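Since the structure comes first, as C-alpha cells, the remarks are kept for the end.
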Amino acid sequence: MNLLFTGVGGQGTILTTKILSEALVHMGYDVKMSEIHGMSQRGGTVNTQLKYGTKIYAPNIGEAEADIIVAFEKAEALRALPFLKKGGSIVMDEREIYSMPVLIGQAEYPHDADEILSKCVEHVSVVPASRIAEELGNIKVQNICLLGALVKLLELQDINWDALIAQSVPPRMAEINQIAFKKGYDLISAKKELT
Amino acid sequence: MQKAILSGDEAVARAAWEAGVSVAAAYPGTPSTEILENITTYKDDIYCTWANNEKIATEIAIGASIGGMRALAAMKHVGMNVASDPIFSAAYTGVNGGLVIVSADDPGCHSSQNEQDNRLYAPHAKIGMLEPSDSQECKDFTKAAFELSERFDLIMMIRMTTRVCHSKSIVQLDQRENIQAKTYVSDPQKYAMLPVNARKRHIAVEANLEALKAYSYSSDINKTEINDTSIGIITSGISYMHAKEAFGDSASYLKLGITYPLSDRLIIEFAQKMKKIYVIEEGEGYLEEAVKALGIDCVGKQLLGSQGELNAQKVRIAFGLQAAGEGYATDKTAPPRPPVLCAGCPHRGFYHAMGKRKDKILAVGDIGCYSLGVNAPYNGFDIAICMGSGFSIPIGLSKALEMQNDTRKVFGILGDSTFFHSGFNSMVDAIHLGANVCLCVLDNSITAMTGHQENAGTQKNLMGYEVPAIDILQMIYSTGIDQTCVKIVDPIDQKAMGEAIDQALETDGPFVIVTKRPCALLKEVIKANKGAHCTVDPDKCVGCKACMKIACPAMAFEGKKANITDEASCTACGLCMQMCKFDAISKAGI
C-alpha cells in the first residue's frame, strides 16, 4: 500500500506519518517512510510518503503509484494528483492556505479544487478536519483528525490508537487528539453508509 | 533483539555509537544534519561538535583518528567540495583509529544548489566507499566501514542520498563495542605529507586499495541475487530498491555495497551468467563506465539520464515495463508554493529596504534562509553559488561593473553561520583589496536554514555546554576597516536599515552592514513574543496594499482590506506597521 501525505510546512504531516508507521510496524508490516524537508519547512509544500506490505523496497512513490493521497490542504491535493494510481483514493481537507504567489496576487487559488478532483477521481473524501479541529479549540489536531479518517478507510482497527496517540503527543494534548481522531474516524464510516 | 524505526541519518548515528566512535564533527547541511544531531544522544560516549565548515569538521576527525580514536565527519555533498583538500591528502596518510566520512548527496536538488554525484570523489581521492540502500544497511555499512578503515589503513566514505538519509525503516539495534584506543606513535613518514613522504604514501594507498578490492570480491557487503538470467542488473544504494521494485524477481541483481574499489572479478562473473546487463543508478554513469571499461556491453544512462531523483516508476518507464501517463490529470494546476521567509523573519526588513534602492544595487546572495530573498516580491539578488561566495563574487563583479562604467554598488549577502563557514575569509580579501562593495552579514544568531544548529557565534555548543560566543563585530573590526564604514542595525527598523544602505551607497570602497535580530523561530524569541501579534483596524485600512509589499505570510488581503490572518505566527515585529501611512495597524497581546 502506497500512501502520500501532502500539506504545508507546520501542518503536522510528518508526525501523522510517524504515528501511522509505528502502528503498521506493530501490526507486523514491513514499513518505509520517506520525507522531504529542509527548505519545505518555511511555508513550502511538505510531502511524506509511507509504503507498507510484506516486503517494501523503494521508500519513495513515483507518479501514478499512490493508492491513497491524504491532503491536508486543498490546493496541495490538486498538486499531488499526478501521483495517484488509477482507481486510488483521495482523502482531503477543505482547508485553504494561500501561498505567497497567491497572497501577492501573482497566482490564483483554486477554490474549486475539491470539485475538480471529485469529477475526475472516483474516490474522493472531503473531510472537514481543520473545521473539526477549530471546533475542538486547536487547529493543530487537524492532522490526527485526518489520520482517524485514513485509519477507517484502511481498516486498521486492530491497534489501540488512543494509546499510540497518547505516547506520540505531549500529555496535555493527548485527549484533544484522541477526540479529533475519533471524529475523523466516524466521519468516514458515516459517509460510507450514505453511499 | 531490540528494533527501531530509524531514518538513515539516525542509523548512521547509532552505528557510530555501536562502532565505538569517540569523536564526530560536521557542518550542518540537508540531508546530513540529523547525523550529528542524533549523535548527541550518545554524548557521554562521543565528543561531538559542529565545526565552522566541512573542511574543519573533517580535520577534527582526521586529528582524532591519527590520535588513535575512531572518528566520523558528516556533510552534505557540496560540503565534501570544501572538505576535499584534507581528504585528498589524508587519504595518503591513512588512519590510526578508523576514519569515516559521510557524504549525503541530494539527487533532485530537494535542498541544494547542485546534484553532484560524490561517488566520483572516491576514485579521485583514493578512499574506500560503501553505499547503503536503507537504514539497516546505513547502520551495518557504517560499522563495517570503521573495521575496513582500520584493516586496510584507508579513509572510508559512506555515500548516502536524500532518500536514504530521510527514509525511515526498521533497524535491529546492538550494543556499543568496546573499542580499544590505539596509542599514538610518532610517525612523520606516515602522517607528515611533505613530498618525500607523500611519494611513498601514494604507493602505500594504492596497495591498500588493491587489498580492499581483493577483499571486496568475497565480502558480503556486495550481494549477488540470481533469479532469471535473461536480465542482470548491476546497481547500488537506493537505486537497488527502485530496480528491485520495478523488476522484482524477473531479473538477477548484483547489488554493490562496496562501490570503490569495485571488484572487477565480481562484475565479470555476474555478467558472464547474464544474457543482458542493465546498470541502474541515479546521477552519473559511475558504475556503467566501470562495467563498460571491463569490456561488458550494458545499458543504463542512455535510458535513465543523469538528472533528477529516480523512483521505481521512472525505472519501469525507462526500461519499457510500463507506459508513461497512466495516472490522473486535470487542466487546472495548483499555484506555486515556494518556501518563504517566515512571519517575523528579520531578513524581510533587510530585503524590503534594499528593494527600495534596487536600481542602485546589484546583489549577490549565498546559501541560507536569506536565499529565499531571491523570490518575488523581494527579488533580492541575482546570483548565488556556494557558501561564502556571497562576499567574494562581489569583489570580481564590482571590478567588472567598474570597467564598464556601471555605477551600481555590489552588495554581498550572507548569514552569521556562513560568515563563520568561509564568509570572513572573503571579507578579509574584500577589505584588504579595497573593493567597492557592501558586505551584509544578516546575523540572526543561529544556523537557521537547517533547523537551528549552534555555530561559533552562539553561547552553547552542540552538546549543550556553555562556550564562548565569537563576536562577529570584533572579527570585522580586526580587519582594520574604518569603523564609520560598519553599521549595525535592526533590520526591522526601516529608517535605520534604509540609512545604513544609503550610507553604503554613498561610500566608495568597502562598507559592512551587520543586521542583528534573532531568528523569529528561536525558542526564546517565541517565548518572549508569546501572544503578541499585530492587528489591522478595518475602519482605518483603506486597502492600499502598501503592507502587502513585505509579503508576510501572516497577512492576507481579504474583502478589500489587509488582515492579519495568522495571528499565531505573527510575532508583532511591526514591519507592516511601518508600511502603513494610515496608522491602521497596531500591536496587540503584549
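Taking +1 at the Cβ of each Lys and Arg and -1 at the Cβ of each Asp and Glu, which of B:Phe247, B:Val315, B:Leu262 sits farthest along the dipole of segment B:223-318 towards its positive end, judged by Cα position relative to the Cα centre? Among B:Phe247, B:Val315, B:Leu262, the one farthest towards the positive end of the dipole of segment B:223-318 is B:Phe247. The slack in the chain from B:Glu269 to B:Met463, taken as 0.36 nm per residue of separation less the alpha-carbon distance, amounts to 64.9 nm.
First compute the accessible area of chain A with a 1.4 Å probe, then give the percent of it belonging to carbon and sulfur atoms. Ligands and nucleic acids excluded, carbon and sulfur reach 49 percent.
With contacts taken as Cα pairs under 8 Å and at least 6 residues apart, chain A reaches a relative contact order of 19 percent. For chain A, what does the alpha-carbon gyration tensor say about shape, rounded, prolate or oblate, given a ≥ b ≥ c as the root eigenvalues, a/c under 1.5 as rounded, and a/b over b/c as prolate? Rounded, since a/c falls under 1.5.
Mean separation of Cα pairs under 8 Å and 6 or more residues apart, divided by the residue count, gives segment B:346-525 a relative contact order of 24 percent.
With Cα atoms defining each centre, segment B:142-221 and segment B:229-298 are spaced 24 Å apart in the structure.
Overall form of segment B:247-366: prolate. Here a/c, set by the Cα gyration tensor axes a ≥ b ≥ c, is 1.5 or more, and a/b is the larger of a/b and b/c.
Cα-based values for chain B, radius of gyration first and Dmax second, are 26.8, 82 Å. Taken per residue, the accessible surface of segment A:2-194 reaches 39 Å², heavy atoms only and a 1.4 Å probe. Counting only heavy atoms of the protein chains and using a 1.4 Å probe, B:Thr565 has close to 60 Å² of accessible surface. Label-to-label distance, B:Thr330 versus A:Glu155, with points set 7 angstrom from Cα along the beta-carbon direction: 2.9 nm.
For the pair B:Asp482 and B:Lys545, the difference between a 0.36 nm per residue extended length and the Cα-Cα distance amounts to 18.6 nm. Once the Cβ-Cβ distance of B:Lys292 and B:Ala198 is raised to the sixth power relative to R0 = 30 Å, the FRET efficiency obtained is 0.40. For chain B, the dipole from Cβ point charges (+1 on Lys and Arg, -1 on Asp and Glu) about the Cα centre works out to 640 debye, to the nearest 20.
Taking a straight Cα-Cα cut-off under 21 Å and skipping sequence neighbours fewer than 8 places away in the same chain, the lysines within cross-link reach of A:Lys183 are A:Lys18, A:Lys74, A:Lys140, A:Lys152, A:Lys191, A:Lys192.
Only the Cβ atoms of Lys and Arg (+1) and of Asp and Glu (-1) were treated as charged; on that basis the dipole of the protein assembly as shown about its Cα centre amounts to roughly 360 debye. Ligands, DNA and RNA left out, the 1.4 Å accessible surface of segment B:274-376 is 50% carbon and sulfur atoms.
Per residue, chain B exposes 39 Å² of accessible surface when a 1.4 Å probe is rolled over the protein heavy atoms with every protein chain present. Basic side chains Lys and Arg get +1 at the Cβ, acidic Asp and Glu get -1 at the Cβ, and with that the dipole of segment B:223-318 about its Cα centre reaches some 180 debye. The spread of Cα positions in segment A:46-101, taken along each principal axis and listed from longest to shortest, comes to 40, 22, 16 Å. Between B:Thr224 and B:Leu303, the simple label model (points 7 Å from Cα in the Cβ direction) yields a spacing of 2.2 nm.
Calculated on C-alpha atoms, the gyration radius of segment B:3-218 divided by its Kirkwood radius gives an Rg/Rh of 0.95. Only helical runs count toward this figure. For chain B, summing -39,500 (n - 2.57) over DSSP H runs of n ≥ 4 and dividing by all residues gives -10500 deg cm²/dmol at 222 nm. Given a Förster radius of 56 Å and the C-beta distance between B:Asp45 and B:Thr407 as r, what FRET efficiency does 1/(1 + (r/R0)^6) yield to the nearest 0.05? For B:Asp45 and B:Thr407, the calculated efficiency is 0.40. Taking the accessible area of segment B:35-100, probe 1.4 Å, and keeping the other protein chains in place, the carbon and sulfur fraction comes to 49%.
Label separation (B:Ala568 vs A:Glu122): 3.7 nm, computed from points 7 Å beyond Cα along the C-beta direction. For segment B:81-141, the relative contact order comes to 27 percent (Cα pairs under 8 Å, sequence separation of at least 6). Each of B:Leu372, B:Thr447, B:Gln483 was scored by the projection of its Cα onto the charge dipole of segment B:346-525, and the greatest displacement toward the positive side belongs to B:Leu372; charges sit on the C-beta of Lys, Arg, Asp and Glu.
Here segment B:326-354 is scanned for amide nitrogen atoms under 19 Å from the site 7 Å beyond the Cα of A:His111 along Cα-to-Cβ, giving B:332-336. The lysines whose alpha-carbon is closer than 18 Å to the alpha-carbon of B:Lys409, local same-chain residues fewer than 8 away aside, are B:Lys356, B:Lys358, B:Lys360, B:Lys399, B:Lys487.
Accessible area per residue was computed with a 1.4 Å probe on protein heavy atoms; B:Thr162 scores about 10 Å². Once you have a ≥ b ≥ c as the square roots of the Cα gyration tensor eigenvalues for segment B:468-554, tell me rounded if a/c is under 1.5, and otherwise prolate or oblate according to whether a/b is larger than b/c. Oblate is the answer for segment B:468-554, as a/c is 1.5 or above yet b/c matches or exceeds a/b. Checking the cross-link pairs B:Lys168/B:Lys223; B:Lys3/B:Lys223; A:Lys182/B:Lys460; A:Lys32/B:Lys223; B:Lys168/B:Lys523; B:Lys3/B:Lys276 against a 31 Å limit on the alpha carbon distance flags A:Lys182/B:Lys460; B:Lys3/B:Lys276 as lying beyond it. Using a 1.4 Å probe on the heavy atoms of the protein chains only, list every residue of segment B:311-337 that has 50 Å² or more less accessible area in the complete assembly than in its chain alone. Buried-area filter returns B:Gln313, B:Tyr328, B:Thr330, B:Lys332, B:Ala334, B:Pro335, B:Arg337. Comparing A:Val126, A:Cys145, A:Leu15 along the charge dipole axis of chain A, the residue lying farthest to the positive side is A:Leu15, per the Cβ-charge model.
Summed over both chains, the contact between A and B buries some 4700 Å² of accessible surface at a probe radius of 1.4 Å.
The values are calculated or read from the model by the stated rules, or taken from the named source; none is laboratory data. Just so we're clear, the structure is a prediction, and the values are computed from it rather than from any experiment. For neighbour counting, all protein chains shown are included, and Cβ atoms are generated from backbone atoms with ideal geometry for every residue, glycine included. Accessible surface is based on the protein model in full, side chains and every heavy atom, while ligands, DNA and RNA are left aside. Shrake-Rupley method; radii C 1.70, N 1.55, O 1.52, S 1.80 Å.
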